[in-house]
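Okay, structure first, notes after.
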Amino acid sequence: EDAPAAHVEDTPDTPTIATLVDLADARFPRSDGRAWAAADTLKNVVVMLKHPDGVREPLVVGVPGDREVDLKRLQAQVEPAEVEPFTDEAFARHPELVRGYIGPQVLGEKSPSGIRYLVDPRVVEGTRWLTGANESGRHVFDLVAGRDFTPDGTVEAADVREGDPAPDGSGPLVA
């Protein structure tokens, strides 16, 4: 409720999450004094699903920027489809996907792109993100899940780390 309206800012020379966080801290400090962290960013990873009938479908998976998409976990979630890399040719067929600056504003089965958008369960309604603005060299700040974008669903595809909650609720995971 207290989140300001989403706003797009110039973020040149930010090819990585780390460089984006550094620039955000330097140019867009938070009013509460907290430093930006990779976990405040929403990383959108594009893959191609190959269905058993041969149909190929682009899929975007949103995860916090301090996480990676575990392709084996994703594969288990989308079976019997196969997960394939999203190629340069596929990007050329989808100009709405600006490599390195993909934001959820252009995603979803009901959006003009029609590209299915699934997010990590950590991306819940009301969470605020720093993510791509779908324009090269620009990111959007204060993008709120449920207010500014709505994913098509969730998927357990992010890497698992020590300390994450155990799936059976027994406590934190221990490696």
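The values are calculated or read from the model by the stated rules, or taken from the named source; none is laboratory data. Not measured: the values here are computed from a predicted model. Ideal geometry is used to build each Cβ from the backbone, glycine not excepted, and the neighbour counts take in all protein chains shown. What goes into the accessible areas is simple: the full protein's heavy atoms, side chains included, and nothing from ligands, DNA or RNA. Shrake-Rupley method; radii C 1.70, N 1.55, O 1.52, S 1.80 Å.
Residue separation times 0.36 nm, minus the C-alpha to C-alpha distance between Glu84 and Asp164: what's the value? The partial results should precede the final answer.
Values: separation 80, 0.36 × 80 = 28.80 nm, distance 2.73 nm.
So the extension gain works out to 26.1 nm.
R0 = 25 Å: FRET efficiency of His94 with Asp142, Cβ-based, nearest 0.05?
Details: r = 26 Å, r/R0 = 1.05.
That pair, His94 with Asp142, gives E of 0.45.
When the dipole is taken about the Cα centre of the chain, and only Lys, Arg (+1) and Asp, Glu (-1) are charged at their Cβ, what size is it in debye, to the nearest 20? Before the final figure, lay out each step's value.
Numbers: 18 positive and 32 negative charges, 35 e Å.
That gives a dipole near 160 debye.
How much accessible surface does Trp129 have with a 1.4 Å probe, in Å² rounded to 10?
Roll a 1.4 Å probe over it and Trp129 shows about 10 Å².
Rank these by accessible area, largest first, 1.4 Å probe: Asp152, Asp40, Asp168, Asp10. Intermediate values should be presented prior to the final figure.
Values: Asp152 60, Asp40 25, Asp168 120, Asp10 80 Å².
Ranking Asp152, Asp40, Asp168, Asp10 by accessible area, largest first, yields Asp168, Asp10, Asp152, Asp40.
Can you give the extra length, in nm with one decimal, that the chain gains between Gln75 and Glu135 once fully stretched, where that is 0.36 nm per residue apart less the Cα-Cα distance?
Working: separation 60, 0.36 × 60 = 21.60 nm, distance 2.93 nm.
Separation in residues times 0.36 nm, less the Cα-Cα distance, equals 18.7 nm.
Can you work out D for the range 50-175 in µm² s⁻¹ from Stokes-Einstein, where Rh is the Kirkwood radius over C-alpha pairs, the temperature is 4 °C and the viscosity is 1.567 mPa s?
This corresponds to a translational diffusion coefficient of 82 µm²/s.
Can you compute the FRET efficiency between His51 and Arg122 using 1/(1 + (r/R0)^6), with r the Cβ-Cβ distance and R0 = 35 Å? Round to the nearest 0.05.
Details: r = 28 Å, r/R0 = 0.79.
The value I calculate is 0.80.
Give the separation of the Cα centroids, the range 107-175 to the range 22-84, in Å.
7
For Arg30, Arg128, give the ranking by accessible area with the largest first, probe 1.4 Å.
Descending order: Arg128, Arg30.
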